[in-house]
1. Could you tell me how many degrees, from 0 to 90 and to the nearest 10, lie between the Cα long axis of helix B:216-228 and the main elongation axis, the longest principal axis, of the Cα atoms of chain B?
2. Holding the Cα-Cα limit at 30 Å, pick out from A:LYS244/B:LYS387; A:LYS64/B:LYS101; A:LYS64/B:LYS71; A:LYS271/A:LYS304 the pairs that are longer than that.
3. Which of rounded, prolate or oblate describes the range A:72-307 when judged by the alpha-carbon gyration tensor and an a/c cut-off of 1.5?
4. Please tell me the relative contact order of the range B:136-223 in percent, rounded to the nearest whole number, where contacts are Cα pairs under 8 Å and at least six residues apart.
5. Can you sort A:VAL138, B:VAL82 from fewest to most other Cβ atoms within 10 Å of each residue's own Cβ?
6. Have a look at the DSSP beta bridges in the protein assembly as shown and tell me what percent are antiparallel, nearest 5.
7. Given 5 Å bins starting at zero, what is the percent of C-alpha pairs of the range B:303-426 in each, up to the one with the largest pair distance?
8. Once you order the gyration tensor axes a ≥ b ≥ c over the Cα atoms, which shape class does the range A:153-263 get: rounded for a/c under 1.5, otherwise prolate or oblate by comparing a/b with b/c?
Amino acid sequence: MTTTDAPEAPAPKLKRRRSALRRRNALIGWSFILPNFAGFGFLTLLPVLILFYMAFTNWNVFGKADWVGFANFQRLLGDGSFHIAFWNTIYYSVLHIPLTIVVSLGLALLLNNKLRGVAFFRTAAFFPYITSIVAIAVVWNLLFSPDYGPINEILRAIGIQNPPGWLTSTEWAMPAVVIVSTWRDMGYYMILFLAGLQTVPRELHEAARVDGASVWQRFVNVTLPCLRPTMFFVTVMLTINSFKIFDLILVMTDGGPGQATLVLSQFIYKKGFEESQFGYASAAAVALFFLCILVTIGQFLWNKKRSA
Amino acid sequence: MNRKILAAGSIAAVAALALAGCSSGDSGEAADPDAPVTLSVSAWSIETTPEFQLLADEFAKTHDNVKVELKEYDPAEYNTLVTADLAAGSGPDIITQKEVKYVTTFQEGGQLLDVSDVALPEGIGGASSYEVDGTAYAVPYRQDSWVLFYNKALFDAAGVEYPDGSWTWDDYATAAEALTTDASKGAYLHNWQSTVQGFANAQTGTDILEGDFSNLKDYYDNTLALQGAGAQVDFNTAKANQLTYQGEFGTQKAAMLLMGTWYTATLIAQQASGEANEFEWGIAPVPQLDASTAGTDNTPVTFGDPTGFGINANIDEAKADAAKAFLEFAASEEAAQLLAGIGITPALTNDAIAETYFGVEGAPADELSAFSWATHETLPENPTSSKTAAIQGILGDLHTAVMSTDQTIDAAITTAEERVKSEVGLD
């Protein structure tokens, strides 16, 4: 304000103006993300932090949250149902992730061509993803019906004498769920792969063709390496979504028959909302959180090593 | 500058809203018995569950200073939502106990007032379900129990004699097989675990908290045999096709149905509206384990849980007396008569109440129906314990494993017993 006479005055003035500008810009920036961040902070971050605390208590929802240290985690280690839920979740993921990648990539490659009616087929493949999950469960339950369902009718017609019991048998319930969830998810991941395929340079394919590379060789040596960023993204998303699988299983089998399709999220739901053991359920949720984060970190490290 | 004011203003507004949401507002007032009082009562599906409005209106008629307001909750998430409200300090004054297995959650959480001093009429059923260590935490007003619904037309067509109240499970199985035709099954068994385990536990006197489930074997063997013989729709088909018991019995696809007495009112209404076929039906006592409890000169053993009202432990002192008066009214014979008049099975039943109940148009008129509705030893399906929900969850897994024929009953019982020991613990 009183800097007009000093020769070195312009510098601090400029500095001040610049910092005011920076502050203003920062404020505007914050005000843009504030609605989203406030929602995230109050409805996601804060509950998650509280959950971490609750995992160390015996909270049963009515205020009495006594600190119990690692007792909940020790109990998890010895809980047979938790073990079953854990291995079922892994089993589901191991089947679901590669199957979905193969199917959705295959669809994307097929629908990346200039076919007649390609827009229709793309829409058709995406349709399951936007269909109500309850409707999906009802219809697939009918299809899988062991005695009168169309799937087993077809299997019998082609000469399979003892078709699987699908959702009614321990061995086949999980594969049946995987089939449905793959069918449901394939459209979404197909869109991601289709977007990725647009980034594969045409010249590389042409050069490879001139060099006499077969279709398979071009796929393995040109398409796949160019798709690596997409593939990485799809794998990470699929892994996290597979570990978190809940809704489809809840409406299709409710964990049954017996505990054949019990998964971690459902275990958490049962312990918390059905049995009011929120402390214990929180501990299981923390275990699921670390499972997700460890695998994701592993995938990031692996991707970094590959791209180096 | 303007932006700053705007930002500060909106932050202040958000903070104010958040704070307003946290405060609960009630401050203690001096107790005056005639001061105007508003009681809030938790309820669900008020449109299709008329009992709440009826009790509220009738109570208000004799208590000028009391206004009863219903607070409606989603029936499917009732316990979760009420729990959330109570935990936040904004629960209703009177907490309707929809399921007995959650009573201990509320009680142990210090949410229920001791209501042992509320006078109950002689012979009311279900009161023990609300007692913990001799202290009552709610009073029952409604108690459905399980009976056998049967379609007289299908019995006549198959030339099978109607149930006479003396049936054991063998008689039931014989009748079911004789009643099975190409068009209809002898019986429909809904896919709930109660339809097998409820009877097994009540009739063999088993306490599920003891963790011994060997009593289930005979009952599952019986029902699997019926399923195998084609006398009832098998579990897997019923599940895959999402069959409803109302549809199976109401449209004459099954001649017999084991179900709770709540179905009486539904069936009458559905026959009147045309949703269910027009046919003559009756209710009989559920089949018994042996002859010692069978027959109309005995008291048949069945199961069922009451529905009751408890009082919020944090209720305003000025309201507590009015709330207790409401509980006393809901359990009274006067209320029982009113409930029976709209097709609800009250916790208190006697001949006069049965007359009201069966006086409704469309209700069966035979003596056995009235007998089986009013006379039974109804044991609780869910013992009042904090372990009940977890044990019922394990038994639910047993039910799906056995009924889908995925696991043998012996293996499933062993699994369930081991799980209860390791996951829930025995007393």
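Nothing in this text is a laboratory measurement; each read-out follows from the coordinates by a stated rule. Given the structure is predicted, the values throughout are model-derived calculations rather than measurements. No Cβ is skipped: glycine too gets one built from the backbone with ideal geometry, and neighbour counts run over all protein chains shown.
1. Around 60 degrees separate the two axes.
2. Numbers: A:LYS244/B:LYS387 28 Å; A:LYS64/B:LYS101 20 Å; A:LYS64/B:LYS71 26 Å; A:LYS271/A:LYS304 38 Å.
Checking Cα-Cα distances, A:LYS271/A:LYS304 exceed 30 Å.
3. Numbers: a/c = 2.41, a/b = 1.40, b/c = 1.72.
Oblate.
4. Details: 39 pairs, mean separation 15.6, N = 88.
18 percent.
5. Working: A:VAL138 16, B:VAL82 23.
Listed from fewest to most nearby Cβ atoms, that is A:VAL138, B:VAL82.
6. 55
7. 2, 9, 13, 12, 12, 11, 11, 13, 11, 6, 1, 0
8. Working: a/c = 3.89, a/b = 1.89, b/c = 2.06.
It is oblate, given that a/c is not under 1.5 and a/b is not larger than b/c.
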